[in-house]
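First up is the structure itself, then whatever we jot down about it.
The values are calculated or read from the model by the stated rules, or taken from the named source; none is laboratory data. Worth saying up front: this structure is predicted, and the values here are computed from it rather than measured. Cβ: placed from backbone, ideal geometry, glycine included. Neighbour counts: every protein chain shown. What goes into the accessible areas is simple: the full protein's heavy atoms, side chains included, and nothing from ligands, DNA or RNA. Shrake-Rupley method; radii C 1.70, N 1.55, O 1.52, S 1.80 Å.
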Amino acid sequence: MLVDLHCHSVYSDGELNVTQLIEKAEKNSLELFALTDHDCIDGVNKAIELAKTKQIKCIPGVEISINWKKKDIHIIGLNIDVDSKILAKKLAEQQRKRVTRAQKIASLLENYGVEQCLEKAQAHAQGSIITRPHFAKVLVDEAKVKDFGQAFKKYLARGKLAYVATDWMSIEEAIETIHQSGGSAVLAHPHRYDLSATKMKELITTFKELRGDGLEVVSGMTSKVQISQLNELCARYDLLASTGSDYHGPTLSKVDLGKQVLLPKSCKPIWEQWVN
Ligand code: AMP
Ligand code: MN
Ligand code: MN
Ligand code: MN
């Protein structure tokens, strides 16, 4: 079964709108798909509606930003109830934090000569939630850096010139919110946080103790070695496995929607509970 349970639309930092994403899902023969925008579910209903017309099953999803030990970590909620009041309230809080953070990032970047930075980033966000990649676009437009990678390396990544620490929800809150809205909690791309092996174990132990459900064993850029490590961690901690390209669009992502490598056969796929 061709599955992709992690991607982004223009409702967060993706380049494609929901219609374009579903068209791509069809073109790439996906059978199971989840839209997981950052701290936002505004595109989900439309994705479900359009997916139905293409015989693709769409699982409602979201990628929630959290803080854990001074790291910015992502927890994916899958099969959530998009009408959940608790989820709506928590995502609204995250979105307010994004607005405050954006104002602070903009004022830092103005010190480095980017005029009207907030307005320019908002223009890229087109009324949807504002993310660091929107600022990366401004930095590239203004020729402050040559590409996105440099924008993060010099200005936007943790500890860099325009990084603003944000008090996102805690890991407990994210897992609880996802469960209270009927969903399953998946630790997104565990290898992208620059954790030592000890810290990775600590994070996964905590995640499991807090009743987290699964690990994203395969992401867009995971290596074979990382996949087998994550597969072992799933077995050791009795966690389910998820897979997703983390597709952000044709110019941003090297791995196309649904084109991430297959999950190892020994994994227990998280989606088995949702398909018949
Ligand atoms: P935010 O949620 O607003 O803090 O933005 C985080 C997003 O920025 C991630 O989901 C990625 O899409 C993007 N990102 C983070 N680090 C990098 C990087 N080094 N290069 C390019 N994009 C990045
Ligand atoms: Mn992103
Ligand atoms: Mn992520
Ligand atoms: Mn993502």
- request: Identify the single condition in (1) of a type outside the set (Gly, Ala, Ser); (2) open to solvent by 40 Å² or more (accessible area, probe 1.4 Å); (3) part of a helix (DSSP H, G or I) that residue 81 does not satisfy, given that it satisfies every other one.
  value: (3)
message: Checking the structure you have, find out if any residue of segment 16-32 is within 16 Å of ligand 3 (Cβ to nearest atom), within 26 Å of residue 174 (Cβ to Cβ) and modelled with pLDDT of 95 or more.
response: no
- request: Consider residue 202 carefully, then state whether it is outside any loop (DSSP other than H, G, I, E, B), open to solvent by 30 Å² or more (accessible area, probe 1.4 Å), more than 16 Å from ligand 2 (Cβ to nearest atom) and under 24 Å from residue 13 (Cβ atoms).
  value: no
- request: Looking for whichever is within 11 Å of ligand 1 (Cβ to nearest atom), over 18 Å from the mean Cα position of the chain (by Cα) and of a type in the set (Gly, Ala, Ser) here; the options are 136, 151, 162, 157. Which one fits?
  value: 151
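For (1) within 16 Å of ligand 4 (Cβ to nearest atom); (2) in a loop (DSSP other than H, G, I, E, B); (3) among the basic types (Lys, Arg); (4) crowded, with 18+ Cβ neighbours inside 10 Å, each residue gets a yes or a no:
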residue	(1), (2), (3), (4)
67	no, no, no, no
88	no, no, no, no
115	no, yes, no, no
118	no, no, no, yes
121	no, no, no, yes
124	no, no, no, yes
136	yes, no, no, yes
140	no, no, no, no
166	no, yes, no, no
- prompt: What pairs can you find where one residue is in segment 23-38 and closer than 15 Å to residue 50 by Cα and hydrophobic (A, V, I, L, M, F, W, C), the other is in a helix (DSSP H, G or I) and open to solvent by 20 Å² or more (accessible area, probe 1.4 Å), and their Cβ atoms are less than 8 Å apart, with a gap of 6+ or different chains?
  reply: 32/271
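Quickly run through segment 27-65 and pick out the residues that are of a type in the set (Ser, Thr, Tyr) and surrounded by 24 or more Cβ atoms within 10 Å (Cβ to Cβ). Quick ask: steps written out before the conclusion?
Here is the first cut: in segment 27-65, the residues of a type in the set (Ser, Thr, Tyr) are 29, 36, 53, 65.
If the condition is that a residue be of a type in the set (Ser, Thr, Tyr) and surrounded by 24 or more Cβ atoms within 10 Å (Cβ to Cβ), then 36 is the only one that fits.
What is the residue count in segment 1-50 for residues that are aliphatic (A, V, I, L, M) and either in a helix (DSSP H, G or I) or within 13 Å of ligand 4 (Cβ to nearest atom) (or both)?
Within segment 1-50, the first condition is being aliphatic (A, V, I, L, M), and the residues that meet it are 1-3, 5, 10, 16, 18, 21-22, 25, 30, 32, 34-35, 41, 44, 47-48, 50.
Then drop every residue that is not either in a helix (DSSP H, G or I) or within 13 Å of ligand 4 (Cβ to nearest atom) (or both), which leaves 5, 18, 21-22, 25, 34-35, 44, 47-48, 50.
The number of residues fulfilling the criteria is 11.
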Qualifying position, being closer than 17 Å to residue 177 by Cα, touching a residue at least 40 places away in the same chain (Cβ under 8 Å), within 13 Å of ligand 1 (Cβ to nearest atom) and β-branched (Val, Ile, Thr), among 41, 75: 75
message: Residue under question is residue 210, and the condition is that it be open to solvent by less than 20 Å² (accessible area, probe 1.4 Å) and either free of Cβ contacts under 8 Å to residues at least 60 places away in the same chain or more than 25 Å from residue 82 (Cβ to Cβ) (or both); does it hold?
response: no
